[in-house]
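Engineer: Take this structure, written in structure tokens, and hold onto it; I'll ask about it next.
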Amino acid sequence: MDRFNYLIVGTGFSGSVIAERLASQLGKKVLMVEKRAHTGGNAYDFYDEDGILVHKYGPHIFHTNYEDVWQYLSQFTKWNGYQHRVLAHVDGKKVPIPINLTTVNTLLGKNFTENELKDYFESVRVKISDISNSRDVIVSQVGEFFYEKFFKNYTFKQWGVYPEKLSPEVTRRIPVRYNTDDRYFSDSFQGLPVGGYAPLFDRMLSHQNIRILLNTDYKSIINDVQFDRLIYTGPIDYFFDYTFGKLPYRSLRFESETLSKEFTQAVAVVNYPNENEFTRITEFKHMTLQKHPKTTIFREYPTANGEPYYPMPIKDALALAEKYQAKTVSLQSVSFIGRLAEYRYYNMDQAVKRALDVFEAIAKD
């Protein structure tokens, strides 16, 4: 096998962005190793047996305020302009989430104005001087009623623990709106890649200096490959052979169903915070804008077992992750980047931004 400048473990956004930059901008030879049968990480999408484009690992909507990230990815795709909307099934009604003026007026049978809604939330919110967990974040904004209706049980289904056990960052990402804006994200740049994420990754990784090994655990080939530096985007505990024990992750299981109708939901995602074992139902055609007489939905079931999706934002897990992170300091020829390698939650745009920043640091070396 040839000698490579870089061995990159993982072909999600973190690994793929830095591979493309190293190959195209610095002329480096890169070997990418991926344990799955495809590139793209959890953003991978494909056409199901009925010809409907679905996201294998759940809905991925790209959104960012980083213009440099948007411009970078726009080299490899056009965007369909989709803006995400989510409804939550609460008390027999489907109402917008994040909570907005429509949500409150519908559930309370009120006709608040924006200013009246601000006054209402000010009257019911719990005054907390030291926000220490995800429950504190919500009740300090909207009070106990809306916390119970939208967040308490949904969070338990999603994470396996109630919000008071989770770090504040989990719910801090969810805004509260006083107007009728029902978009899930308010970022300047939003959309899905025209044609899907898989073609985006194919174009990103098409450089002649990039070689990809799929269906391969990097540990099975690392002693047979000559390379100068390693960039690792996989689980950090696996890299260190679980020296301190396994880190907890949340995973997801999906139940798909194809229906002989054009659409079955009003929006792409409907959350079910208080009933059913699943957390939400996704109907992909709303977000891909595909025209098809049938539609495919995914019911989403969080689980503690399976592919690692989300690092667990709880104190014990974060403390364990710090022990692993301390071991990385002495590894001068290895870089750890991405959600799993850094054991922190990144949105897709944050993963791209992080990879671009790491590349810039490498380029200046």
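Engineer: Return one whole number: the accessible area per residue of the chain in Å², for a 1.4 Å probe.
Structural biologist: It amounts to 46 Å² per residue over the chain.
Engineer: Further question: Any idea what the dipole of the stretch 41-123 comes to, in debye rounded to 20, about its Cα centre with Lys/Arg Cβ at +1 and Asp/Glu Cβ at -1?
Structural biologist: 160
Engineer: Hey, for a label at residue 91 modelled as a point 7 Å past Cα toward Cβ, could you say which residues of the stretch 279-315 have their backbone N under 12 Å away?
Structural biologist: none
Engineer: Out of 355, 57, 292, whose Cα points farthest toward the positive end of the dipole of the chain (charges: +1 Lys, Arg; -1 Asp, Glu; placed on Cβ)?
Structural biologist: Checked the options; the winner is 355.
Engineer: Could you tell me the calculated FRET efficiency between residue 294 and residue 68, based on Cβ-Cβ distance and R0 = 45 angstrom, to the nearest 0.05?
Structural biologist: That pair, residue 294 with residue 68, gives E of 0.70.
Engineer: On to the next question. Give me log10 I(q)/I(0) at q = 0.28 Å⁻¹ for the stretch 281-354, Debye formula, one equal scatterer per alpha-carbon, no solvent.
Structural biologist: -1.26
Engineer: Using only the Cα atoms, work out Rg/Rh for the stretch 149-266, with Rh taken as the Kirkwood radius, to two decimals.
Structural biologist: Using Cα coordinates only, the ratio equals 1.04.
Engineer: While we're looking at this one, here's another question. As an exercise, find the ratio Rg/Rh for the stretch 50-144 from alpha-carbon atoms, using the Kirkwood inverse-distance average for Rh.
Structural biologist: That ratio is 1.09, to two decimals.
Engineer: Among 137, 192, 231, whose Cα lies farthest out toward the positive end of the dipole of the stretch 114-272, if unit charges sit on the beta carbon of Lys, Arg (+1) and Asp, Glu (-1)?
Structural biologist: 231
Engineer: When all alpha-carbon pairs of the stretch 91-183 are counted, what percent fall beyond 20 Å?
Structural biologist: 33
Engineer: Dipole of the stretch 173-310 (Lys/Arg Cβ +1, Asp/Glu Cβ -1, origin at the Cα centre): which of 209, 276, 222 lies farthest to the positive side?
Structural biologist: Checked the options; the winner is 209.
Engineer: While we're here: Multiply the residue gap between residue 220 and residue 334 by 0.36 nm, knock off their C-alpha separation, and tell me the result in nm, one decimal place.
Structural biologist: 39.3 nm is the gain from fully extending residue 220 to residue 334.
Engineer: When only alpha-carbon atoms are used, what values of Rg and Dmax, in angstrom, describe the chain?
Structural biologist: Every Cα atom of the chain included, Rg and Dmax give 21.7, 70 Å.
Engineer: How large is the charge dipole for the stretch 115-267, taken about the Cα centre, if only the Cβ atoms of Lys, Arg (+1) and Asp, Glu (-1) carry charge, to the nearest 20 debye?
Structural biologist: 100
Engineer: Hey, rough spin-label estimate for residue 255 and residue 47, points 7 angstrom out along Cα→Cβ, what's it come to in nanometres?
Structural biologist: Modelled inter-label distance: 2.9 nm.
Engineer: Based solely on its DSSP helices, what 222 nm [θ] is calculated for the chain when runs of n ≥ 4 H residues each add -39,500 (n - 2.57) and the sum is averaged over all residues, nearest 500 deg cm²/dmol?
Structural biologist: Value at 222 nm, helices only: -9000 deg cm²/dmol.
Engineer: Taking only the alpha-carbon positions of the stretch 225-365 and ignoring solvent, what does the Debye formula give for the base-10 log of I(q)/I(0) at q = 0.11 Å⁻¹?
Structural biologist: -0.60
Engineer: Shifting gears a bit: So how long is each side of the stretch 257-308 along the principal axes, counting just the alpha-carbon atoms, biggest first, in Å?
Structural biologist: The Cα atoms of the stretch 257-308 stretch 36, 25, 18 Å along the principal axes, largest first.
Engineer: So, one more: What's the ranking of 318-325, 186-193 by average number of surrounding C-beta atoms within 10 Å, highest first?
Structural biologist: Final packing ranking: 186-193, 318-325.
Engineer: Any idea what angle helix 114-124 forms with the longest principal axis of the chain, computed on alpha-carbon atoms, 0 to 90 degrees, nearest 10?
Structural biologist: 90
Engineer: Only Lys, Arg, Asp and Glu count, each charged at its Cβ (+1, +1, -1, -1), so figure out the dipole size of the chain about its Cα centre, rounded to 20 debye.
Structural biologist: Computed charge dipole of the chain: roughly 160 debye.
Engineer: Under 12 Å from the Cβ of residue 360, count the other residues' Cβ atoms, weight Lys and Arg +1, Asp and Glu -1, and hand me the total.
Structural biologist: Here the count lands on +1.
Engineer: In degrees between 0 and 90, to the nearest 10, how far off the longest principal axis of the chain does helix 315-328 point, with axes built from Cα atoms?
Structural biologist: 20
Engineer: At 0.36 nm per residue, and after removing the present C-alpha to C-alpha distance, how many nm does the segment from residue 174 to residue 118 gain when stretched out fully?
Structural biologist: Full extension of this stretch gives 18.5 nm more.
Engineer: Right, here's the next one. Just to verify a number: FRET efficiency for residue 229 and residue 305, C-beta to C-beta distance, R0 = 41 Å, to 0.05?
Structural biologist: 0.80
The values are calculated or read from the model by the stated rules, or taken from the named source; none is laboratory data. The shown structure was predicted, so the numbers you read here are calculated from the model rather than taken from an experiment. Here the Cβ is made from the backbone with ideal geometry for all residues, glycine too, and neighbour counts use every protein chain on show. Just the protein is used for accessible areas: all its heavy atoms, side chains included, with ligands, DNA and RNA removed. Shrake-Rupley method; radii C 1.70, N 1.55, O 1.52, S 1.80 Å.
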